[in-house]
Structures are given as C-alpha cells and as structure tokens.
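The values are calculated or read from the model by the stated rules, or taken from the named source; none is laboratory data. What you are looking at is a predicted structure, and each value in this text was computed from that prediction instead of being measured. Cβ coordinates were reconstructed from backbone atoms using ideal geometry, including for glycine residues, and neighbour counts include every protein chain displayed. Accessible surface areas use protein heavy atoms only, side chains included; no ligands, DNA or RNA. Shrake-Rupley method; radii C 1.70, N 1.55, O 1.52, S 1.80 Å.
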Amino acid sequence: MPLSGAEIIIKSLQEEGVEAIFGYPGGQILPFYDALYSSSLKHYLVRHEQGAAHAADGYARATGKPGVCVATSGPGATNLVTGIATAYMDSIPIIALTGQVPCELLGKDSFQEADITGITLPITKHNFLVNDVKDLARMIKEAFHIATTGRPGPVLIDIPKDVQVNKTKFRYPENVSLKGYKPTFEGNKGQISLAAKMIGQAKKPVIYAGGGVISSGASKELFRLAELTLSPVTTTLMGIGAFPETHPLSLGMLGMHGTRAANYAVSQSDLLIAVGARFDDRVTGKIAEFASHAKIIHIDIDPAEIGKNVRIDIPIVGDIKKVLAILNSKMEQHLAGDWQHKIAEWKEKHPLFYESNGSLKPQFIVEQIHDITKGKAIIVTEVGQNQMWAAQYYKYTKPRTFLSSGGLGTMGYGLPAAIGAKVGCPDSVVIDIAGDGSIQMNIQELATAVHYNIPVIVAILNNNFLGMVRQWQELFFDRRYSHTEITGPDFVKLAEAYGAVGMRVEKAKDVKPALKKAIEAKRPVLIDFTVEREENVFPMVPPGGAIHKMLGG
Amino acid sequence: MRHILAVLVENNPGVLTRVAGLFSRRGYNIDSLTVGRTESLNISRMTIVVEGDDLVLEQVTKQLHKLIDVIKINDITSEQYVDRELVLIKVGADPVIRGEILQIVDIFRARIVDIGRRTLIIECTGDEGKINAVIESLKPFGIKELVRTGKVAMLRGQKFTSISETKEDE
Ligand SMILES: Cc1ncc(C[n+]2csc(CCOP(=O)(O)OP(=O)(O)O)c2C)c(N)n1
C-alpha cells in the first residue's frame, strides 16, 4: 500500500529508532503533524523553534543518539538556525526536518518561503531539499547516516508540502551508498606505531582531549592510555567528562579559563597528544607560544582538522576509540618520574580558588550542586561566567554529563538543552546552571517543561549583569560598563506563573536545603541565587596572550 | 602558487553553490572555476584554479572532501596535463583593417565565427599563454567584448581523474 510522504517520515524515524522529537507546527508541515496525530512517536511541543533545536541537541549530547527537531517553513525554519549552528560547531548529530512551500511555489517568494537549505549551507554537515516523494526515505536514511558517522553534525531535510502529501510505496533502504562520503575509521598502523614510539620516548607527555573522545565513546581507552603512560590529561570545554577529574592525572580544563596546572603542563610538555580536539583559539591563546617545546601527535576522525591551526608531527586520521585501542596495545607501563611530581606540585600549589568574604559566591553554589548530586548529575550550562564556573567547580567523572555550547557560545542554550537531556535520561538529575541574562533568551521553555512535567532544575547565578562581558569591560575597557547591567523579572514569580516551583536564595546556608528541595520536587524548579555581583572568572588568559601567562586564580 | 584541481562531484542541485560557498567562506581565492558534465551520467567535473601555498591547498582539498557531494579531487598541478581555455572576442573591424585582423587570426589558428558590419567575433582555443597572447594582439583594434570559459584540464596518458579509476590511485 502506498504511503504519503508524511507517513513515510514517521515510519523512517521509527526505523531509525527515534523515540522523541521536539517541534512546532505550522502551515507547510501540517501533513506531517496530521500523520503524527495517529502515530506512537512522542512529540514535545516547544514554545520557540530554537528551543526544539537545542532540545534535540541536549538529547543527543546526553544519550549519544541523534536528536530530531521539526519546524514549519519560513520563520519556523529560520528560528532553528541558531540551534543548528550550535550543534554544528560542537559536532552534535541532530536531524532538522522543515516544512517547505509546495514545489511549484518554490523560488517565487511565496508566503512563508525561506531558502533554508541555502541559509543552513555553512552550518550543516549536509542538507537536502526533497523534490520527489520517491527520494524521501532514501534521503532520511542518508541524513541519519551522515549525521551520526564520521565527525557527527547536524543535517537538515527540507520537505515541501506536496511531497508530504504525495504517495509512494515505502521501503526503508538498508544501506546507503554515497560516493563522496566515506569516513576513515581505521587509523594508519604505521603512524600509530610511530606515535607509540614517540610516546615511549617522551619525558613530559600531556594528553589534550576534546569532544571527539566523547562522541567516539573512547573514554575507557583514553583512561587506559593515561594510566599506562602516566600522562596527565587536560580536556577542552567539550572534552569535560572524557576523563575523571578526580583522578590524580587530571589537570582539568586548559585554555583561557583553564587551570594553571593544565596550562603550565602544556606549555612545558615535550609531547602533546591531541585526541579529538581542534586547537581552538580559546584553547591555544597565542598560537606561536602554544606547546612550543612539544612534538604533537594529533588523532582525529576529520582530516581537515589536522594541520589546520598548528603544525603536527604525527597525524592519525581515524576513529579515536579504534586508534587508542591499538595504540594502547603497543604501550608498556611507564613509571612515575620528575614530570609526574612536577604535575602533582602544580596541582597542589595552584588549585582553583575563590575568596570567601561572607557574600554568596557563585563558585560555592556550583560546589554545593556537586556535593548534593555526588557528581552524578547532568550539568547543562548557559553561556558566560556561569558556564565557566560550572566547568571549573563541578568535578565531572563521566562523559555526557557536561553539556555546554562550546564552539558557538550560544546564550539560551541551557534550558531547552536540559529539557532534551532529561527526556533522554529521565533517571538523571538534570541541572541548568544559568546566568540571569542567558536564561531570559529561552525562558519560555519553562512552559514546555511544566506542560510535560520534565523535572529540570534551573539554577540562576543572578548577578544582575551580563557578567562575562562586564568582566571584560572591567579588565580591558577601564570598567566602562556599557550596557551590561541587566534587569530581569522576579524569577520566582515568573517560575510560579509558568507553573514551576520558584525559590530565591540569598545566603550560603540556604543553598543546600534549596537544592535538596529542588531535587525532591520531581517538578520543574527554578532557583534564583542572588550572588556577588562583580565576581570574576579566574584564572584568565588575556585574549591573544600565551596560555602560561594567566591573570588571577 | 596557482594550483589546478580536477574535482568530480555528484550532479546534484546546489553542488556549485556548496563548492563556491566553501571557497568564499574560508577565504580561498579562486582564479577560475569551470563545470560541466562528464562521461558518467550524474557526475559533473569542475576544474578549479586556486591560488595558495601548499598549506592552503591542503586545507582547500580537505575541506572540499568534507562536502558530501564531492567524490574525487586531483591536484594535477605538478603532473603532465593538457589544459585549454576558449575565448570569444568581439573586435571593432572596419573593412580597412580586416586584413590585418585576419592575419592575426591565422597566426593563432583562431577562427572568425561572426562577421558584422563593424565587428568580428573571433574564437580561439588554447592554453592560457596563447589566449593571453591573442588578446594582447587584438587589443589595438579595440576589443568591444570578451568572454573566457576558464580553464579545463586533463592528465596526460595513463593517469585518470574519473570515477572508474578512483580505486587505483586512492
Ligand atoms: C546569543 C548570544 N548573544 C550574546 C553573547 C555574548 N555574551 C557572551 S557571555 C554574555 C553574558 C552572559 O550573561 P549572563 O547570562 O547573565 O551570564 P553571566 O556571565 O553573568 O554568568 C554575553 C552577552 C552570546 N554569547 N550569545
């Protein structure tokens, strides 16, 4: 029996094992929503399409499975754009389905027409405009394949209304054949042997691990490599959770707001083992002085990352999990020496710290969140100081427990991503560590959380500033606080108006009880923490500076 | 340095935009880009002349490879190849000077493809040097209009840039 395009989309999503989708209807996606009405696919109606894209992204980061979001044509599709770009920059597999005007109206500036494949060209791994219902199932199959293999990323499928209505026989293809898409999974054996030899000879090795370790599911292999070679491990923001931060070899994060131990170790190392990381400018600082005494081994699935920003001595293109497994099999147990002592000394001498002066400190709140969740929660962040403190003061031990917009730095990411994460991992406590600026960018998603009773917790570190920008103004613009003082609504009342639980905390002693209550509430909760207004994130590498020259901390 | 890339792509709508967009977005300089069909249905071939040092070229090639529609890329610059370009030149040609123009056309083995009352259209095929030379020679007569196709290129002898040969040289 022939099926309509709309039914084919749903059947195809089910073939892909999709359980939840996030979306918002409109004229040109109506046939799809009609088919959805009588299907078992779980759909979450967000309050803004950007929320749908971030929720799909949060779902994907927390579960490792692709996230799916849906929007109508024109404004619906353009509202997805920031979410798609966020996923693109962090290599997150999401599928965006958009309605489009019927084929015969394409290119005529029709009502709610936007060239969304054109618009998303530079922010998707690939995208499709479906012209014929006969291509639909194949393109969906290809989309999932492309999004989830190799270096993952978002894929958009634009589906004109008539294609959703037209009928054809449904057969979901078993395989894809894309002549131009064949990621390299197996690392070159010779290169791996060379790397093993180089690691064997290194006196001061450092492992620099990025988000690729998490997307490849290679934490165990990374752990083994670190323990075999006794190499200290520093992670990027995206790599947080890839290596347990409670381990003696953990250096924490490196880069602009990294630990002193991490930045010193990289600067003095004689061998940098870069794994699934991309030498972003927030990590390297002044590139000429980055790891300038080190040879560099770079393992990544994306050949284009190798040699893009820095010169590499041994490149290895392949799936990190596979490459590390082979590399480990060639390594012998190293013994601790001067380097490991030096590392321990730096860690001891330069821990992250903040001054307690009686006022409520944002760092303290993050520590309390860590305590009460025993380090087992999924922490999602907004962007700014809140994000950096969440990265610094919570000790992550598992991959997929720290979700943050790293590459794009999207304010407003946290709440919808937290919703997506909670949908994917209902048994985990999910907390969005937020700023009072960022939270206002997608606050409407509280309604989504309440409607479906998705018990996420929003912890606002409320400084009445766009804190991170204010910090830069303080340090580099003579304290001229141009347009960074920001007011908000009464967040407690706002939460209550949405039907969530609202709390305000002003004193250190009330932090833990409030958090406890929030976790036990089993409902969406917002806690407005009134924190020290002009607290800064330290240590800090001034923009463009060498990473071993840090301010503060 | 200028490099010549022979690029095989899926003949999908938007593929030219994807390739051109990549170049502009990442700040690479295209000298010329030509595209047309090949011996295989569904596959088009681009000849891209791009300016850059080895590092830039490495990035260009890798980034191009990331496009799903790009099937194969050959940097043929350092190989033995044949390259050709075609130019159409409309020159002012009052009857008194036509003889002179005809001589130039003859020397370059070009052809006259249109004769107007005051103009001639000359077609010339050749490598870049020849095309530049013919243009220079015709300039004194007043070039009214000029269009070049951009370069197409092909490896000589037993080397190929085609889909059926993809396996061997990868
Ligand atoms: C969508 C978006 N707009 C602007 C910025 C620039 N920006 C980066 S951090 C920041 C301030 C964030 O303020 P807030 O959410 O209150 O967090 P805080 O730094 O105070 O913790 C701004 C405006 C951004 N990252 N994203």
Solvent-accessible area per residue, Å², over chain A with all protein chains present [probe radius 1.4 Å]: 39
If you average the C-alpha positions of region B:35-50 and of region A:76-144 separately, how far apart do those two centres end up, in angstrom? 26
Using Stokes-Einstein with the Kirkwood hydrodynamic radius over Cα pairs, what translational diffusion coefficient do you get for region A:189-349 at 25 °C and a viscosity of 0.890 mPa s, in µm²/s rounded to a whole number? 163
Restricting to DSSP loop positions (anything but H, G, I, E, B) with no more than 12 other Cβ atoms inside 10 Å of their own Cβ, which chymotrypsin sites (Phe, Trp or Tyr not before Pro) remain in region A:336-410? A:Phe353
Volume per residue (Å³) of the convex hull spanned by the alpha carbons of region A:137-279 is 160
Taking Cα atoms only, helix B:15-25 is inclined relative to the longest principal axis of chain B by an angle, in degrees rounded to 10, of 90
Computing the accessible area with a 1.4 Å probe over protein heavy atoms, can you report the carbon and sulfur percentage for chain A? 52
Short version: ³J(HN,Hα) in whole Hz for each residue of region B:56-71, in order, from phi by Karplus 6.51 cos²θ - 1.76 cosθ + 1.60 (θ = phi - 60°), x for Gly and Pro, what are they? 4, 4, 4, 5, 3, 5, 5, 5, 4, 4, 6, 5, 4, 7, 8, 9
Carbon and sulfur: what percent of region B:83-152's accessible surface (1.4 Å probe)? 52
Using square roots of five times the C-alpha gyration tensor eigenvalues, list the equivalent-ellipsoid semi-axes of region A:69-212 in whole Å, biggest first. 39, 19, 10
Taking a quarter of the surface of the convex hull around the Cα atoms of chain A, what do you get in nm²? 25.4
Radius, Kirkwood style, for chain B when every pair of distinct Cα atoms is counted (Å): 17.8
Using all alpha carbons of region B:83-152, what is the percent of pairwise distances in each 5 Å bin, ordered from the shortest bin to the longest? 4, 18, 34, 26, 12, 5, 2, 0
Residue-averaged 222 nm ellipticity for the protein assembly as shown, from DSSP H runs of 4+ at -39500 (n - 2.57), nearest 500: -10500 deg cm²/dmol
GluC sites (Glu not before Pro) restricted to region A:355-402 and DSSP loop, no more than 12 other C-beta within 10 Å: A:Glu355
Expected output for region B:55-94, residues with a loss of 50 Å² or more in accessible area relative to the chain alone at probe 1.4 Å, reads B:Gln59, B:Lys62, B:Lys66, B:Ile68
Largest first, please: the extent of the C-alpha atoms of region B:2-75 along each principal axis, to the nearest Å. 34, 20, 18
Region A:310-352: trypsin sites (Lys or Arg not before Pro) in DSSP loop, at most 11 other beta carbons within 10 Å: A:Arg311
Quick numbers on region A:461-553, Rg and Dmax over C-alpha atoms in Å, give 17.0, 48
In the calculated pair distance distribution of region A:222-269, what percentage of Cα-Cα distances lie above 12 Å? 57
Rounded to 10°, Cα long-axis angle of helix B:128-138 versus longest principal axis of chain B: 20
Just to verify a number: what accessible area does A:His341 come out at with the full protein assembly present, 1.4 Å probe, Å² rounded to tens? 120
